[in-house]
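Student: A single structure is presented below for examination.
The values are calculated or read from the model by the stated rules, or taken from the named source; none is laboratory data. All values derive from a computational prediction rather than experimental measurement. When we count neighbours, we look across all protein chains shown, and the Cβ atoms used for this are built from the backbone with ideal geometry, even at glycine. Each accessible area value is taken on the protein alone, full model and side chains, heavy atoms only, with ligands, DNA and RNA left out. Shrake-Rupley method; radii C 1.70, N 1.55, O 1.52, S 1.80 Å.
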Amino acid sequence: MADNNAARPMGFGEKVGYGLGDMGFNFYWANISAFLMIFYTDVFGITAAAAGTMMLVTKIVDAFTDPVMGAIADRTQSRFGKFRPYLLWLALPMAGAGVLTYSTPDLGDTGKLVWAYGTYTLMMLVYTIINIPYSALSGVMTANSQDRTTLISFRFIGGFSGGILVTYLTPKLVAWLGDGDQKLGWQLTMAVFGIAAACLFLVTFASTRERIQPIRREANSVLGDLNDLKGNKPWLVLFSLALIIMITITMRASTLVYYLKYYVGQPELTGEFLSSYMLALALGAAATPLLTRLMDKKKLMMLLMSLAGALSIAFFFLPKDAVGWMFALNIAIGLTLGPKSPLAFSMYADTADYNEWRTGRRATAMTFSAATFSQKLGGAMASALIGWVLASIGYVANSAQSGAAQLGIVLLMSVIPGAFALLAALVMRFYPLDNQTLAKVHRELAERQREPQGHPDQTAKALRTASA
């Protein structure tokens, strides 16, 4: 399962280096979540319904590429390891794909849609190829469960910090670099973020180490990896959870720009509003290791999502001039949602351990790839829902909105994502890995590492009995 140092705490520098990688990824992901929809509708000139449908349809590609990339990464052999080399190989192609996606060639309505489909698909394909190995990397850097939670917390502190920079700087960079030309401003802004992200990926590559190796070396088929996941109940719960939570987060982030522009009437607050929310997310992520010492991961996730749901619904009752309360409530929501990301990803790593304990096989990247697909699908479903709702309520870009349209925007910002958050808390009740079970998993995996001739069948039988 691991080398002799896999269960020992990692150094601070390695954790920081890993976290900087997610800062780079959020130079793309935070832009997609917060600005891509309004970029398509208000800058590029695509209808809301068409943009939402496009972002959902392109997930069909991800349905194939995510698990395929997971299988490729699990089978990669290089002097740099299985997962780290992709950060080196794909840093610059990722930057190029981002610039193309935010470019606006002078095309007709059909041509614009074709361009959007093609460039967005390309960007998400390159993102998949580099991000899935990065996510899987956290599952092989340490075998210590609490240290793993700390590592993932560093990841999302870096990620949310990247989100703060993106949400605060993007509107200002677009205006400054474009000098009145929004289309040029978006293109140059993504070039800046792309170069910065490439540098951060290289830092992560240079500062991290892969320690955990599978106990069994026999080759397993991709179909076998997928079948293992189908029988992995904790992973199935997390797959559903990630989809639902991402609907909640993306819907609020993407709607916020419309909310401030068309309901509150103060679009200039967008940068400060989003960056303060991202700061709250980062603080929540930083508190995760402490929270997991006080409460079981499952119970903590249920509590956090229940709070996020209630606070989101409360947003519905704020009048449009209560800007101070909007900031306060949005920050509170960020604090409750901040720990969910490090919690979820540390639990994904736990399910990879669980699967190895249950089957004797380890497919770390496949575990994370299918989970990443769930997140991207949830984000796409949220974007599609936003586009369809905006179209149904008569949204007209860059115009004053009707009362019905404003009500729809408020619902997309409050009650609808709040309901999804409460649903996530309910789904989490079915997660079976508590601290006691995880301790048993890690203890027996360590025993098998010391005695590689042992056969996992008896342990698998015991686990099936325990999880029945």
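Student: State whether the residues of the stretch 306-322 include one that is acidic (Asp, Glu), modelled with pLDDT of 90 or more and surrounded by fewer than 17 Cβ atoms within 10 Å (Cβ to Cβ). Working first, answer last.
Tutor: First, the residues of the stretch 306-322 that are acidic (Asp, Glu): 321.
Filter once more, so that each one left must be modelled with pLDDT of 90 or more: 321.
If we keep only those that are surrounded by fewer than 17 Cβ atoms within 10 Å (Cβ to Cβ) too, we end up with 321.
Yes, the stretch 306-322 contains at least one residue that is acidic (Asp, Glu), modelled with pLDDT of 90 or more and surrounded by fewer than 17 Cβ atoms within 10 Å (Cβ to Cβ).
Student: Is it fair to say residue 390 is assigned to a helix (DSSP H, G or I), open to solvent by less than 10 Å² (accessible area, probe 1.4 Å), touching a residue at least 12 places away in the same chain (Cβ under 8 Å) and farther than 29 Å from residue 131 by Cα? Quick ask: steps written out before the conclusion?
Tutor: Numbers: assigned to a helix (DSSP H, G or I): yes; open to solvent by less than 10 Å² (accessible area, probe 1.4 Å): yes; touching a residue at least 12 places away in the same chain (Cβ under 8 Å): yes; farther than 29 Å from residue 131 by Cα: yes.
Answer is yes for this residue.
Student: Scan the stretch 393-415 residue by residue and report those that are out of contact with any Gly (no Cβ under 9 Å at 6 or more places or on another chain), part of a loop (DSSP other than H, G, I, E, B), in contact (Cβ under 8 Å) with a residue 60 or more places away in the chain and open to solvent by less than 60 Å² (accessible area, probe 1.4 Å).
Tutor: Across the stretch 393-415, the qualifying residue is only 414.
Table: residues versus (1) open to solvent by less than 10 Å² (accessible area, probe 1.4 Å); (2) closer than 24 Å to residue 84 by Cα.
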site: 116; (1), (2): yes, no
site: 149; (1), (2): yes, yes
site: 157; (1), (2): no, yes
site: 160; (1), (2): no, yes
site: 164; (1), (2): no, no
site: 171; (1), (2): no, no
site: 179; (1), (2): no, no
site: 191; (1), (2): no, yes
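Student: Residue check, residue 106 against (1) open to solvent by 50 Å² or more (accessible area, probe 1.4 Å); (2) in a helix (DSSP H, G or I), all met but one. Which one?
Tutor: (2)
Student: For the stretch 5-16, indicate whether the set of residues that are closer than 26 Å to residue 120 by Cβ and either in contact with a Leu (Cβ under 6 Å, 6 or more places away or on another chain) or not small (Gly, Ala, Ser) (or both) is non-empty. Write out each step before concluding.
Tutor: Of the stretch 5-16, the ones closer than 26 Å to residue 120 by Cβ are none.
The answer is no, given that none of the residues of the stretch 5-16 is closer than 26 Å to residue 120 by Cβ and either in contact with a Leu (Cβ under 6 Å, 6 or more places away or on another chain) or not small (Gly, Ala, Ser) (or both).
Student: Taking the conditions exactly as written (modelled with pLDDT of 95 or more, under 24 Å from residue 367 (Cβ atoms) and under 21 Å from the mean Cα position of the chain (by Cα)), does residue 126 satisfy them or not?
Tutor: Details: modelled with pLDDT of 95 or more: yes; under 24 Å from residue 367 (Cβ atoms): yes; under 21 Å from the mean Cα position of the chain (by Cα): yes.
Against the criterion (modelled with pLDDT of 95 or more, under 24 Å from residue 367 (Cβ atoms) and under 21 Å from the mean Cα position of the chain (by Cα)), residue 126 qualifies.
Student: Would you check which residues across the stretch 20-36 are farther than 17 Å from residue 271 by Cβ and open to solvent by less than 10 Å² (accessible area, probe 1.4 Å) and list them?
Tutor: 21, 22, 24, 25, 28
Student: In addition: Filter the stretch 59-85 down to the residues that are open to solvent by less than 10 Å² (accessible area, probe 1.4 Å) and closer than 22 Å to residue 382 by Cβ and list them by number.
Tutor: 59, 62, 66
Student: Looking only at residues that are aliphatic (A, V, I, L, M) and open to solvent by 30 Å² or more (accessible area, probe 1.4 Å) in the stretch 416-426, which one is nearest to residue 52 (Cα to Cα)?
Tutor: To start, the set of residues in the stretch 416-426 that are aliphatic (A, V, I, L, M) comprises 416, 419, 421-426.
Those left that are additionally open to solvent by 30 Å² or more (accessible area, probe 1.4 Å): 416, 419, 422-423, 426.
Numbers: 416: 17, 419: 21, 422: 24, 423: 23, 426: 27 Å.
Among them, the one singled out is 416.
Student: Right, here's the next one. Given the criterion among the basic types (Lys, Arg), modelled with pLDDT under 90 and at negative phi, identify the matching residue among 261, 233.
Tutor: The match here is 233.
Student: Whether any residue in the stretch 294-304 is open to solvent by less than 10 Å² (accessible area, probe 1.4 Å) and under 29 Å from residue 383 (Cβ atoms) is what I want to check.
Tutor: Residues of the stretch 294-304 that are open to solvent by less than 10 Å² (accessible area, probe 1.4 Å), as a first pass: 300-301.
Narrowing the set further to residues that are under 29 Å from residue 383 (Cβ atoms) leaves 300-301.
Looking through the stretch 294-304, at least one residue is open to solvent by less than 10 Å² (accessible area, probe 1.4 Å) and under 29 Å from residue 383 (Cβ atoms).
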